[in-house]
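Novice: Have a look at the structure that comes next, please.
The values are calculated or read from the model by the stated rules, or taken from the named source; none is laboratory data. This is a predicted model, so every value here is computed, not measured. Here the Cβ positions follow ideal geometry from the backbone for every residue, glycine too, while neighbour counts run over all protein chains shown.
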Amino acid sequence: MPYVEWRGNSIRVKWWAGEYLPSGKKKYESASGPERGVRFRSDTEAYDYGLDREHDVRHGTHIGRTNRSTPTDTYAWTWLDAQDLRPESVRMYTAIIKNWIAPYWKSQGVGDVTSLEYDAWKKSLTGHVSASYESSILSVFGMMMEDAVLAGFRADSPVVKRRRRGRYKKKPREKKRPLAVDTVYQLAVNAHTVWGYTGWTYIWTMAFTGMRTGEPGGCDVSSSLRTGPPQIPTRSVGRSPCRATRSCLHSGCSTNTSTSTAIPRSPAPSTSRIAPWSCRRSWLTCSAP
């Protein structure tokens, strides 16, 4: 049964937390109010609060005070260390926690984060980061809160998933920036130094076709991509070789890297730009725009 006592001008209630100390004695928890910053107004209210906590202990839904008060920034780094992620994801999650989660929530308890506080934090992100990066930040925080529920730090997640209501609002799209040809040329020269003529062709193919990083591997007929740097993806099993014959860009896809090829001279400085691509072009249409 809970025990109510007066502590100066406040009322405190104690209840058994369902655990035992190393000495064999029961471990008790206490509270001076139903929530943070609010005190009990009467003995009856404090006693009923203690009964509710003991009910949670008996039914296995009780959240220990130690777990509930764990600082959110400490929990965030502990949660990240427990994840099995790719190196790129580790770098992205680390940046999100370091710059946007830990500085805001700081030492606030994981179990004390409410839905209203989450909505206020979400609103503060708008205008400071892009829409896509904001979605990534909220996704990481949502996963952290879901795992906190499973680990016994919270009873439920403060991230409430609501169905869309009202008038349809189109999602904003990031504006693509033009890319200077001189920048692409310098990147191609660096790739030629590390990877040979295959690297030179690899960079120019991506620039003029809008391919993503791993897609030029589908143009590889030989095993030249497998001899490249570790960060360059290898050819996927089952991909058909390149069948384009109209483009000069694909002429180097299967070139043997053992043959030394001179780097073309740098073009004269110009203000020409590669127009941004609103959508990816097919890898069969590789001619420059």
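Novice: Give the residues of segment 1-49 that are out of contact with any Phe, Trp or Tyr (no Cβ under 8 Å at 6 or more places or on another chain) and either among the acidic types (Asp, Glu) or part of a strand (DSSP E or B) (or both), sorted by residue number.
Specialist: 5, 6, 7, 18, 19, 20, 35, 38, 43, 45, 48 - these are the residues of segment 1-49 that are out of contact with any Phe, Trp or Tyr (no Cβ under 8 Å at 6 or more places or on another chain) and either among the acidic types (Asp, Glu) or part of a strand (DSSP E or B) (or both).
Novice: With the checklist (1) over 24 Å from the mean Cα position of the chain (by Cα); (2) part of a helix (DSSP H, G or I) in hand, flag the one item residue 165 doesn't pass.
Specialist: Residue 165 satisfies all of (1) over 24 Å from the mean Cα position of the chain (by Cα); (2) part of a helix (DSSP H, G or I) except (2).
Novice: Here are some conditions: (1) over 22 Å from residue 99 (Cβ atoms); (2) exposed (fewer than 13 other Cβ atoms within 10 Å of the Cβ); (3) within 19 Å of the chain's Cα centre (by Cα). Residue 123 meets all but one. Which one does it not meet?
Specialist: (1)
Novice: For segment 108-131, does any single residue satisfy the condition of being of a type outside the set (D, E, K, R), without any contact (Cβ under 8 Å) to a residue 12 or more places away in the chain, in a loop (DSSP other than H, G, I, E, B) and not assigned by TED's automatic domain parsing to the domain that holds residue 36?
Specialist: yes
Novice: Which is of a type in the set (Gly, Ala, Ser), surrounded by 13 or more Cβ atoms within 10 Å (Cβ to Cβ) and farther than 28 Å from residue 210 by Cα, of 151, 180?
Specialist: Checking each option against the conditions leaves just 151.
Novice: Any idea which of (1) in a helix (DSSP H, G or I); (2) over 30 Å from residue 56 (Cα atoms); (3) of a type in the set (Val, Ile, Thr) is the one residue 213 doesn't satisfy?
Specialist: The one condition residue 213 does not meet is (1).
Novice: If we scan segment 69-91, do we find a residue that is at pLDDT below 85 and under 19 Å from residue 147 (Cα atoms)?
Specialist: Within segment 69-91 (the criterion being at pLDDT below 85 and under 19 Å from residue 147 (Cα atoms)), the answer is yes, since at least one residue qualifies.
Novice: What are the residues in segment 75-102 that are of a type outside the set (Asp, Glu), free of Cβ contacts under 8 Å to residues at least 12 places away in the same chain and in a helix (DSSP H, G or I), if any?
Specialist: Step one: of segment 75-102, the residues of a type outside the set (Asp, Glu) are 75-80, 82-83, 85-87, 89-102.
So of that shortlist, the ones also free of Cβ contacts under 8 Å to residues at least 12 places away in the same chain come out as 78, 82-83, 85-87, 89-91, 95, 98-99.
Those that are of a type outside the set (Asp, Glu), free of Cβ contacts under 8 Å to residues at least 12 places away in the same chain and in a helix (DSSP H, G or I): 78, 87, 89, 90, 91, 95, 98, 99.
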